[in-house]
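Beneath this line is the structure, given in structure tokens, with notes to follow.
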Amino acid sequence: MNEILRLTDVVKTFPGVRALDGVHLSVARGEVHCLLGQNGAGKSTLIKILSGAHRPDSGRMDWQGTPVAFAAPMEAMRAGIATIYQELDLVDHLSIAENVYLGHEPRRAGFVRRAEMLRRTDELLARFGHAELDPARMVHTLPAAGRQLVSIARALSHEARLIVMDEPTAVLAHDEVANLMRVVRELTALDIAVIYITHRLEEIREIGDRVTVLKDGRSTATGLPADTPARDLVTRMTGRAIDSIFPARPTTVDAPALLTVSGLTRRAEFTDVSLSVAAGEIVGITGLVGSGRSELLETIAGARRADSGAITLDGRPVRGGVPGAVRAGLVLAPEERKSQALILGEPVYRNMTLAALRRFSAAGLTRPGRERAAARALAERLQLRPPDVERPVGTLSGGNQQKVVLGRWLLGHTRLLLLDEPTRGVDAGARAELYQLIRDLAADGLGVLMVSSEVPECLGLADRVLVMRAGRIVHTGPAEGIDEEKVLELAMGGK
Amino acid sequence: MSESIRRNLGLAAILIALFGIGFLTKPELYGDPGWLAGNIATILQQSAAIGVVTVGMTFVIIGGGIDLSVGAIVALAGVWSTTVDTQGFGAAGMVFTALAVGAGVGLVNGILIAYGRLVAFIATLAMLVAARGLAAQISGKQTQLSLNATINSLTTTKLLGIPLIVLIFAVVAAAGAVLLNRTTFGRRTIAVGGNPEAARLAGINVRGHTMLLYVLSGLCCGIGAVLLTSQATSAQAAMANLYELDAIAAAIIGGTLLSGGRGTITGAIFGVLVFSTITNLFAVNNLSTEAQNMVKGGIIIAAVLVQQIKFGSLTAFLHRQKAVTAPTT
Amino acid sequence: MKPGPINRRRILLGGAILTTTAALAACTGNDTPSSAQTKGGDAVPNSSPGKAVTIGFSAPAADHGWIAAITGNARAQAATFSDVTLKTVEAGADAAAQRAALATLVSQKPDVIVVLPHDGKELNSFGLEAMKADIPVVNLDRAFPDALAYRLQIKGDNYGMGAAAGHYIGTRLTAAGTASPIIGEIAGIDSLELTQERSRGFKEALAVYGFSVANRRAAEFTADSGQREATNLLNALPTMDALWNHDDDQGIGVLAAISQASRGEFFMVGGAGSTAAIQTIQADNSVLKASVTYSPSMASSAIALARLIAQGRGMSDLVELAVPKEIVLASETITKDNAAGYLPLGF
């Protein structure tokens, strides 16, 4: 095997945390090596060691056959290891070319050779099949997928031999994912190795050559073939077997509609949307990014104003923006938990009671004792880990943060829960728990309307599925009667 | 919140250290209990007006804003309440005028920022200029005497040995602490400042709340104007000079995050007391204003550094979660 | 500058004297019959109307009674002349804004410009330009460093003001036989040169009597800052014999602090000469016993002299055919005895 990188027994500790506790990893030239692990398993620390941001406490790192210790990210970059972070580190108001060559611009006598820089960027983009991107275009005008390509071009500009990608598909829509896969294949064709970090098991099978699994800072499996059964991988990742990710559906009951949306329209976002959700029912909406799914959900939640159409809950019209919707019991758990739902520095219990402060106060004075008691009861019901309601919510994992958001709405008199990408950034082990939780909530009589860009999630969890395309609902039907392929066909416009 | 208790203990330690320095440099004064009590009363009296203004400022900053117009509002409220017309209605009329002017200007700030979508920095900067201009216009650029004995006696009358202005300051500070920590208003302030989008989606009227924060700040400025007018027995357009910076500095060294979402009233009050004590200590030792300003600047920097170190652990954790550390190229 | 013997004499003479510096209109005519250079009573009085002139005027936006009085006096004086049109421009908030305002003024071609600059050094170049454009500049109070930048400079004597205060306190304490008195000082904005000049004059005058300042605080020319600094100063000096406060406006706060602290064992001297202060001195019912002047009346004089310059006339009581180049007002000491005479000059 033509090995380019080898890690042997790498250990890294932070005050109070043993982030890496003996990691072994071997990456071959030109392969796609997937790195799998739950949040907190040590993936981020491992990336930082590879990129030179951290130095290991002990253990050995061999790069192209010689032991190395990077003191700074610049050294790793020079050696040929480039890292593409989830939150892309681009300068918004510079052009693509300027971003690609930031810090190592081609220059003559102190002046940047602009034309040369544009030409070379063009060449780099063409190397992985994106010659259509104009190097002079400003980065802030690009969608997430385009920005990712800029980062990849930047890595190539540094003659990278290994590119580390941290959950590259987390920010992408379905069709964009296909393109990324193609780009990754182009890279491997250039004999560049890729370390590909992901939560999504199906991507491993699609793009990966081999897999290394991390759990609690240790590598529990190294260099497994990519076609290892998903069940095995999950077991190694979580340390427990998961029989079925999705909870069983209850036998259908014909409950009357709880939420009715009719003829809802918002210019340039969605048109003439009608749907209904019954108490106890989970309805899933899927569609490509840009199909208007999230906008629809936010409009139902009162966060955007509809141009026309009606929203009723229990037959009564819902009015008055978000406060009105919340009063009616129509609430949203938004897509971006950290930026849209949580106050990261505040403790768990205060995040939970935020929307129901009136219930926990008398004459404007809050009653923290009752708040804490209610939060503790919820934490138990939601199996929050750790079950400490005093912790700042920012210190919890993605799955547990999502539980806090759900908890917030369970404290109020919620009738219908709108969930936007409920499992984004949540690792596979915690997902199953969340699915069960959502199903339990529905069983308690809540209506659930959720949006997910992961089709299997929609099909697995929901009772009924709606498919959106270009702002319109193009299909409504029971989840059991449709498969992933059909859904994608509908979402992309048929063939 | 052990974090803020630790910080307040630190500020209390600084206060004690300042008195210790006083004792070492002027033992003949600090050793005299009668003098010391009088001097503490002086420090508290000198903290009253700026302290009340700082309470409002702290709310605004925690709520994610900034109010650069506080000094100007104090001046406008002071000048307006000392115009002869207003003084004709007695002490109650003057107090009402000061509070109404303060709250009114705050309301304008709030509407501009919350509903006019102006950046708080710019809106209140404009208000700073405009309010001082209006104050100069009303006063005809003259120092206006407060002719009302009741207003003036707020500084001299003592209850249980404590000047009334200090008691008013204490009541405002206590009310501010209760408002922030124990009421839904306070909780919403933290939410609005910590994550406005989350607050909005949780059903909080973010704009309305933001507006109220500036009204509250303006109201505090109105109270501050009454106290300052009482002390100076007069008001003028240039009064309360640079109060905005003093109030921001006090809030910051008290642990309020300039980006919002976190802070305590107790800390801010400690910040005010530290600054007043430094001024007093330098006066007692006949040291120059320049030296005093350098020490104040040093304390602000030190406090912000401490703030970064304490928040370092949380930030580092979040960074580990998101892996946002960028390579250098 | 160290206090030398010359300075000392200047102090003992009691402040500065009206100085005239050359800049005379050159006597080019050779038909002057008389050899003795005297002025008879037959001269045309300055008040008699001359040719109509436009005077441009600029002073900083007033945030303080003294500056407000300057602008007010200039306007009032101009109104007394039937042959004067006054054009005032707002000077804005800083030197740059004032320079811009003055540029528009110059473009309107006034016959003469009277300017109280934000900062003499920063606006020196304006003076040079205007003079080069043949517009005479009357520099009010804050001096241009460059003698070519003005036609006439009329200013108060900051050093002399401090010296007068020191002189008054020195004499009074010496007369009372107070040995090693405790003297306090509340200065104005410390970063201003005028404040430093005043304090230097005060210190050097006190030194003549063998006295020194025990504690000096700098306020900001506002009543609230005066109260703050005075309160702290009173705490620092549990007993005191005399106090000089640079500015009567901030003195309102200083007097408030003194009465709030129930102190009265000392006497106080004010500065600038506001109407309220003069009345208090006259009433003699507080610690304020005197004030040393720095009168905004100089603005009135500046307008009167600017008119003469524009009309090409000299001062009718002087021999010279043109207005002198430099006038420094003497700082006078207002006490209970002469207060009545100063009341009209108060601001």
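Of the strands (runs of 3 or more DSSP E) lying entirely inside the range A:406-495, those containing at least 3 residues that are buried (at least 22 other Cβ atoms within 10 Å of the Cβ) are A:416-420, A:447-451, A:464-469.
Can you find a residue that is surrounded by fewer than 20 Cβ atoms within 10 Å (Cβ to Cβ) and not aliphatic (A, V, I, L, M) anywhere in the range C:218-234? The answer is no, given that none of the residues of the range C:218-234 is surrounded by fewer than 20 Cβ atoms within 10 Å (Cβ to Cβ) and not aliphatic (A, V, I, L, M).
Filtered by the rule that a residue be touching a residue at least 24 places away in the same chain (Cβ under 8 Å) and in a helix (DSSP H, G or I), the range B:141-174 gives B:T150, B:I151, B:N152, B:S153, B:L154, B:T155, B:I165, B:V166, B:I168, B:F169, B:V172, B:A173. Of all residues in the range A:384-394, one or more are free of Cβ contacts under 8 Å to residues at least 12 places away in the same chain, more than 26 Å from A:V261 (Cβ to Cβ) and either in a loop (DSSP other than H, G, I, E, B) or of a type in the set (S, T, N, Q) (or both). In the set (1) surrounded by fewer than 24 Cβ atoms within 10 Å (Cβ to Cβ); (2) touching a strand residue (DSSP E or B) at 6+ places or on another chain (Cβ under 9 Å), the condition left unmet by C:P238 is number (2).
Among helices (runs of 4 or more DSSP H) entirely within the range B:179-270, having at least 2 residues that are more than 9 Å from chain A (Cβ to nearest Cβ) and either among the charged types (D, E, K, R) or surrounded by fewer than 24 Cβ atoms within 10 Å (Cβ to Cβ) (or both) singles out B:206-232, B:243-253. The number of residues in the range A:383-406 being under 21 Å from A:G445 (Cβ atoms) and within 12 Å of chain B (Cβ to nearest Cβ) comes to 1. Here is the figure for the range A:14-56: residues that are away from chain B (no Cβ under 14 Å) and not hydrophobic (A, V, I, L, M, F, W, C) total 9.
For C:T275, the criteria (1) touching a Leu at 6+ places or on another chain (Cβ under 9 Å); (2) within 14 Å of another protein chain (Cβ to nearest Cβ); (3) closer than 29 Å to B:T277 by Cα; (4) not aromatic (F, W, Y) hold in every case but one, which is (3).
When the residues of the range A:92-122 are narrowed to those that are assigned to a loop (DSSP other than H, G, I, E, B) and more than 10 Å from chain B (Cβ to nearest Cβ), which ends up farthest from A:L172 (Cα to Cα)? Taking the candidates together, the pick is A:A109.
Pairs meeting the criteria (first residue in the range A:49-71 and polar (S, T, N, Q), second residue assigned to a loop (DSSP other than H, G, I, E, B), beta carbons under 7 Å, at least 6 apart or on different chains) are A:S51/B:P327.
The set of residues in the range B:156-178 that are of a type in the set (V, I, T) and away from chain A (no Cβ under 12 Å) comprises B:T156, B:T157, B:I162, B:I165, B:V166, B:I168, B:V171, B:V172. Taking the range C:89-146 as the range and being surrounded by fewer than 21 Cβ atoms within 10 Å (Cβ to Cβ) and assigned to a strand (DSSP E or B) as the test, the residues that pass are C:V89, C:E90. When A:A136 is tested against (1) aliphatic (A, V, I, L, M); (2) closer than 23 Å to A:T45 by Cβ; (3) assigned to a loop (DSSP other than H, G, I, E, B), just one condition goes unmet, and that condition is (2).
There is at least one residue in the range A:353-370 that is among the aliphatic types (A, V, I, L, M), closer than 27 Å to B:A175 by Cα, in a helix (DSSP H, G or I) and more than 27 Å from the chain's Cα centre (by Cα).
Pick from B:A41, B:A49: which is under 22 Å from B:T266 (Cβ atoms), of a type in the set (A, V, I, L, M) and touching a Pro at 6+ places or on another chain (Cβ under 9 Å)? After applying the criteria, what remains is B:A41.
For the range C:182-201, give me each residue that is modelled with pLDDT of 95 or more and surrounded by fewer than 22 Cβ atoms within 10 Å (Cβ to Cβ). Correct list: C:I182, C:R200. Every residue in the range A:162-171 that is out of contact with any strand residue (DSSP E or B) (no Cβ under 6 Å at 6 or more places or on another chain) and not hydrophobic (A, V, I, L, M, F, W, C), please. If the condition is that a residue be out of contact with any strand residue (DSSP E or B) (no Cβ under 6 Å at 6 or more places or on another chain) and not hydrophobic (A, V, I, L, M, F, W, C), then A:P168, A:T169 are the ones that fit.
Given the condition out of contact with any strand residue (DSSP E or B) (no Cβ under 6 Å at 6 or more places or on another chain), part of a helix (DSSP H, G or I), in contact (Cβ under 8 Å) with a residue 24 or more places away in the chain and within 14 Å of chain B (Cβ to nearest Cβ), answer yes or no: does some residue in the range C:301-315 qualify? Within the range C:301-315, not a single residue is out of contact with any strand residue (DSSP E or B) (no Cβ under 6 Å at 6 or more places or on another chain), part of a helix (DSSP H, G or I), in contact (Cβ under 8 Å) with a residue 24 or more places away in the chain and within 14 Å of chain B (Cβ to nearest Cβ). Within the range B:122-155, restricting attention to residues that are more than 12 Å from chain C (Cβ to nearest Cβ) and of a type in the set (V, I, T), the residue that is surrounded by the fewest Cβ atoms within 10 Å (Cβ to Cβ) is B:I122.
Residues in the range B:41-80 that are over 10 Å from the mean Cα position of the chain (by Cα) and facing another protein chain (nearest Cβ under 10 Å): B:A41, B:T42, B:I43, B:Q45, B:Q46, B:V74, B:A75, B:G78. Of the residues contained in the range B:213-233, none is found to be at pLDDT 90 or above, closer than 19 Å to A:R358 by Cα and over 13 Å from the mean Cα position of the chain (by Cα).
Considering B:L11, B:L15, which residue is touching a residue at least 24 places away in the same chain (Cβ under 8 Å), within 23 Å of the chain's Cα centre (by Cα) and farther than 27 Å from B:L154 by Cα?
B:L11
Hey, can you tell me all the residues within the range B:11-24 that are of a type outside the set (F, W, Y) and in contact with a helix residue (DSSP H, G or I) (Cβ under 8 Å, 6 or more places away or on another chain)? Matches in the range B:11-24: B:L11, B:A12, B:I14, B:L15, B:L18, B:I21, B:G22. The conditions are (1) within 14 Å of chain B (Cβ to nearest Cβ); (2) touching a Ser or Thr at 6+ places or on another chain (Cβ under 7 Å), and C:P296 fails exactly one of them. Which is it? C:P296 satisfies all of (1) within 14 Å of chain B (Cβ to nearest Cβ); (2) touching a Ser or Thr at 6+ places or on another chain (Cβ under 7 Å) except (2). Could you tell me whether C:S274 is outside the structural domain of C:T171 (by TED's automatic domain parsing), hydroxyl-bearing (S, T, Y) and crowded, with 19+ Cβ neighbours inside 10 Å? For C:S274, the condition - outside the structural domain of C:T171 (by TED's automatic domain parsing), hydroxyl-bearing (S, T, Y) and crowded, with 19+ Cβ neighbours inside 10 Å - is not met.
The values are calculated or read from the model by the stated rules, or taken from the named source; none is laboratory data. Computed from a prediction, not measured in an experiment: that's the story for all the values here. A quick note on method: Cβ atoms are made from the backbone with ideal geometry, for glycine too, and the neighbour counts reach across all protein chains shown.
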